[in-house]
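Notes follow the structure.
The values are calculated or read from the model by the stated rules, or taken from the named source; none is laboratory data. Values in this document were obtained by computation on a predicted structure and should not be read as measured data. Positions of Cβ are generated from backbone atoms using ideal geometry, with glycine treated the same way; all protein chains shown enter the neighbour counts.
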């Protein structure tokens, strides 16, 4: 934090970047825009907000990690903050992210990816390829240390924890069925009881089983 208690900010006046049409369109959207607006691989994507089940899982993860936040002085956000990926300046809205309290900002709207400790995604039926393959590549490419993927769509439902990013890929991968514990490695260093993500088969918000994860999601060499 600065002496005035404000987070450092990067602005377009510092080393003006080259033209970026998707970025310009994104920044022109009003703050009241109701769709999720993201820039992925240079393309502006508009998607509906997550389902109640999606939000419920992200919220339960956030609650489970409160002791980690408090012990380290970190902060977390669940699907309600924009992350600017340094380098390509793509913009993503993760289901959950854990950030340093002094994480730098891009303007007033986005947290720069260099301030993230962990980012998690909850896989919805409509963007399975993005959450299982595209976003792991993006997050590993900008060096975010840890990425859990909570996948209630696959059968059986799974949690995958990716870590050790290098050369645009996560080198370490741990799978477990939802309902069993999984280790989130350092710097989070936490044993997550994934039974918190279980739901009743009669729950109308529960997603239907889906296909197996794509072959594109693999650990690095």
Original post:
Of the residues in segment 94-125, how many are within 14 Å of residue 40 (Cβ to Cβ) and modelled with pLDDT under 90?
Top reply: 0
Original post:
Got a number for residues in segment 152-167 being crowded, with 24+ Cβ neighbours inside 10 Å and modelled with pLDDT under 95?
Top reply: 1
Original post:
Of all the residues that make up segment 79-102, how many are surrounded by 21 or more Cβ atoms within 10 Å (Cβ to Cβ) and assigned to a loop (DSSP other than H, G, I, E, B)?
Top reply: 4
Original post:
If a residue has to be touching a helix residue (DSSP H, G or I) at 6+ places or on another chain (Cβ under 6 Å), in contact (Cβ under 8 Å) with a residue 60 or more places away in the chain and under 24 Å from residue 40 (Cβ atoms) to count, how many in segment 51-88 make the cut?
Top reply: 1
